[in-house]
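These notes concern the structure reproduced below.
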Amino acid sequence: MKPNPKLAELDPEIANALDGESRRQESTLTLIASENHTYREVLETSGSVLTDKYAEGYPSRRYYAGQRFYDEIETLAIERARKCFRAEHANVQPLSGSPMNQAVYFGLLEPGDTILAMDLTHGGHLTHGAPASHMGRIFNFVRYRTRGNRGDIDFDEVRKLAHQESPKMVLCGHSSYPRELDYAAFKRIADEIGAITVADVSHIGGLIAGNALENPLDHGFDLLTTTTHKTLRGPRGGLIACKNEFAQKIDKSVFPGLQGGPHMHQVAGIAVAIRKADTPEFRRYSEQVLLNARVLAESLKAHGVPLITGGTENHLLVLDVAQYVGADGATIQDRLEAAGLICNKQLIPDDSRPAGRPSGVRLGTPAVTTRGMREPEMRRIAALVCRVLDNQAPQAVSQEVVDLARRFPVVH
Ligand SMILES: *Cc1c(COP(=O)(O)O)cnc(C)c1O
């Protein structure tokens with residue numbers, strides 16, 4: 001997009017950075033599994049007058065006057081979210097994924113209560129009680145892991161911990177686990193001890209909305225949480241979908257428990273993104289994200305690159321880069337960036353290296369699929385990644401990346 005001339009006049013530094021970021025997106029390939037390119041219509045709502053107003057409260061229960069259109073917008077977003085995730089209730093106000101999960105913990109638990117969640121090096125997320133997160137100090141997180149070459153979740157361990165530690169909440173979900181989850185198995189174990197079931201599907205919310213992956217609510221889960229800016233392709237935000245019995249506690253926890261005025265320009269964008277998700281085009285997109293990830297994984301494997309769990313069943317893959325020159329994810333991330341291939345360093349299960357220089361690199365297909373790339377481009381990307389891994393100068397690869405990127409303009 002062209003920089004806004006008024007902004008350029010008022011604040012040339014910010015206008016330049018904005019323009020630079022547009023160019024960066026166009027000329028590189030976003031392979032970060034948690035990122036995407038949103039819709040022009042979402043940019044419109046995000047950059048609109050809806051940013052001006054306070055709308056504390058919920059539709060027809062607000063604190064300030066002048067809410068007619070905010071009530072319409074939020075009611076539409078809630079109804080669409082409920083339909084999309086087949087949920088009895090939805091809250092669309094969380095400002096992002098982290099406050100969304102905090103609202104769930106504080107709304108349903110007391111400080112000190114135990115939560116059973118996935119080990120971070122095995123794919124779990126920071127907000128699932130990482131020692132560095134405040135939540136890790138307030139709640140007692142107990143962790144289950146994966147096992148074996150296929151990285152199956154160790155349900156024997158999940159059951160053992162559930163009975164030993166009596167968690168009030170069983171949490172599943174991940175940001176770096178390339179496998180589909182067995183929600184029914186989690187639910188069975190949680191039912192044995194009477195725990196609340198929460199699935200944080202932040203990474204795969206869009207793929208569930210597009211019917212390409214299983215919906216935990218269909219398996220009896222109590223709550224689903226998801227960011228709205230990853231595979232769902234909306235504005236940055238969070239969404240909680242749940243059974244009616246939790247509705248009041250969740251709403252009170254989000255506001256006034258944790259947040260003040262909702263970001264209604266985001267809520268409008270969420271409504272638009274979910275409307276888009278309810279189309280045959282989006283279902284095709286979701287299937288293509290998965291197919292692209294499988295083809296990228298197969299092509300990398302054919303080049304001899306070791307993959308955590310041996311492949312992928314969703315939109316992401318984790319490469320074990322220990323055998324390559326540089327040998328750590330941070331070095332490989334930098335070399336790939338120099339070639340225009342944007343990804344992130346990643347811990348692998350029981351990583352012997354520190355988080356700053358881990359043994360893995362994570363790749364994902366949501367953003368390149370949004371640009372219209374398909375199987376041939378995935379084989380091409382795999383070949384380009386492998387040339388960098390095999391220690392070719394990134395500069396030798398970067399022009400080919402630019403050429404490929406330019407053939408698939410970013411849609412907005
Ligand atoms: C991305 C993510 C979050 C946090 O979302 P933010 O918007 O970055 O705060 C929470 N949980 C999981 C599983 C995620 O992948």
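Each value in this text was obtained by applying a stated rule to the coordinates, not by laboratory testing. As the structure is a computational prediction, the values presented were derived from the model and not from experiment. Note that we place each Cβ from the backbone using ideal geometry, even for glycine, and neighbour counts take in every protein chain shown.
Of note:
- Membrane-span-like helices of the chain, defined as complete DSSP H segments with a Cα extent of 18 Å or more along the helix axis and a mean Kyte hydropathy of at least -1.0, are identified as 68-84, 264-277, 280-302, 375-389, 394-407.
- Using just its DSSP H runs of length 4 or more, each adding -39500 (n - 2.57), the chain gives a mean residue ellipticity at 222 nm of -13000 deg cm²/dmol after division by all residues.
- Largest GNM mean-square fluctuation across 217, 108, 29, computed for the chain with C-alpha springs under 10 Å, falls on 108.
- 11 Å reach of a label modelled at residue 278, 7 Å along Cα-to-Cβ, counting backbone N of region 78-113: 78-86
- Restricting region 120-152 to trypsin sites (Lys or Arg not before Pro) in coil, as DSSP defines it, with at most 14 other Cβ within 10 Å: 150
- Environment charge at residue 34 (Cβ cut-off 15 Å; Lys +1, Arg +1, Asp -1, Glu -1): +3
- Shape box of region 283-407 [Cα atoms, principal axes, largest first, Å]: 39, 32, 24
- Three-way shape call for the chain based on the alpha-carbon gyration tensor, with the a/c threshold at 1.5: oblate
- Pairs of alpha carbons in region 44-277 whose separation is greater than 29 Å (percent): 25 percent
- Selection of trypsin sites (Lys or Arg not before Pro), region 62-104, meeting DSSP coil and at most 14 other Cβ within 10 Å: 86
- ³J(HN,Hα), Karplus 6.51/-1.76/1.60, whole Hz, each residue of region 124-135, x for Gly, Pro: x, 10, 3, 6, 8, x, 4, x, 6, 8, 4, 4
- Net charge of Cβ neighbours under 13 Å - reference residue 229; Lys, Arg +1; Asp, Glu -1: +2
- Taking 117, 268, 396 as the candidate residues, the one with maximal mean-square fluctuation in a Gaussian network model of the chain, Cα springs under 10 Å, is 396.
- Amide hydrogen neighbours beyond the local backbone of residue 196, cut-off 5 Å, H modeled: 169, 170
- Segment residue 156-residue 374, length gained on full extension (0.36 nm per residue, minus Cα span): 74.6 nm
- Highest-fluctuation residue, 63, 144, 183 considered, GNM on the chain with Cα pairs under 10 Å: 63
- Pairs from 187/301; 53/168; 6/252; 243/276 whose Cα-Cα separation, in the structure shown, is over 32 Å: 187/301; 53/168; 6/252
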